[in-house]
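Here the structure is laid out as structure tokens; the discussion comes afterwards.
No value in this document is a laboratory result; all are computed from the given coordinates. Since the structure is predicted, the reported quantities are computational estimates derived from the model, not experimental observations. Here the Cβ is made from the backbone with ideal geometry for all residues, glycine too, and neighbour counts use every protein chain on show.
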Amino acid sequence: MNPNEKIQLDDITFDDVIAGDGASTVALDEIESPVEEVQEEVETPTNELEDIQEEEQEEQEQEEVEEKEEVDSEEDELESTVVSEVLTKLGYELDGEYADTSEGLADMTKDVASKMADDRIDEVLEAFPLVKKHLDYVLSGGESENFMQAHDPNLDYNQIELAQDDIRSQKAILSDYFTQKGHDKDFIQEMLGDYEDSGKLHSKADQARQALGKVQAQQKEQMLTNQREVVQQQQAEQQEFWNNVSNTIQESKEFKGLQVPEKEKSKFFNYLSKPISKEGYTQRDVDHSEADMEVKLAIDYLMYKGFNLKNIITTKAKTQATQSLRQKISKNEDTVKSARKRSRVSKNVDLDSLDLSL
């Protein structure tokens, strides 16, 4: 058989494939079946699962926070107003709320101007301590003239320079010193003469000046403290006064014959004591100042008469009774006169002219 001759597929049978000459045969049962790969489930530790869940939760919360911040930022941009922008540029934070209108802007401008003025005043007062002390003293109820006199450079012993030949000033300072020490005029004149005769007048006067200067400086420092103590004392006395007024109203059933109902006592006390204006005026003060002249005179007359309402009422009743009696007498007199007039008229009637026919 020619090896080059082509093999015809029709000449090969199924048996030849299974058992051919010299060919290696493979039994069907020897062929290995494909093995299915089974993936083993790897168990994740519990701690790792919890960590994963926490990380996922944290990521979710972070996303929510970022979303909220974006929303708030957008809302802030939407809520930004002209008023808020002006305040931001000026660098002021005010407690009040202002509408984004012309009226709101005007109110905000007034408050900012007031704040600027306060800041400016603080700067000035810090730069001029004496002015600050003066203002504090006056605001505490002190008189400006007293403060100015106490701080007059011409009256400041520490500012005085004593010349060796200025005998008059030396004696004046020594006189002030001995006067404050409580000595009388005769003693002072004797001491001045001794100092002058012994040549110690200038040195003793300078020592007196220094002593007076220390006392004067202490008095200046104590002016504000003393004035505040005076104000506190006045406030305590005023509080005690109003406490007495309140107790009197609550415990009294009548005031000089005038009865006040229990339900009106609190309102009456507020009427007398509660300020209704920036100046501290009460409703009683306002009503009294606005009352007409007759009302004020009536109140003053009651005070003049000792506010004895019983005598005043009795006098008024007697006057009314007298007036009533006079009116009755006058009315009776008019009645009698009318009757007499009718009587005279009847006497003058002509009886012959009367028509008596039926």
Problem - Potential extension, Asp197-Gln232 segment - 0.36 nm per residue separation minus Cα distance - result: 7.5 nm
Completion exercise
Mean separation of Cα contacts under 8 Å (at least 6 apart) over the residue count of the stretch 156-295, i.e. the relative contact order in percent, is 18 percent
Practice task
Lys and Arg at +1, Asp and Glu at -1: add these up for the other residues within a Cβ distance under 15 Å of Gln232 and post the number.
Solution key: -3
Fill in the blank from the handout: Interchain or sequence-distant (5+) residues whose placed amide H lies within less than 5 Å of the amide H of Phe255 are Val260
Practice task
Kindly put His202, His288 in sequence by how many other C-beta atoms sit within 10 Å of each C-beta, fewest to most.
Solution key: His288, His202
Practice task
Scan around Thr282 for amide H atoms under 5 Å from its own, H built in the peptide plane at 1.01 Å from N, and keep only partners 5 or more places away or cross-chain.
Solution key: Ile276
Exercise for the section: Taking the Cα centre of the stretch 128-243 as origin, work out the dipole magnitude from +1 charges on Lys and Arg Cβ and -1 charges on Asp and Glu Cβ, in debye rounded to 20. Expected result: 320 debye
Practice task
Sort Lys181, Lys133 so that the residue with the fewest other Cβ atoms within 10 Å of its own Cβ comes first and the one with the most comes last.
Solution key: Lys181, Lys133
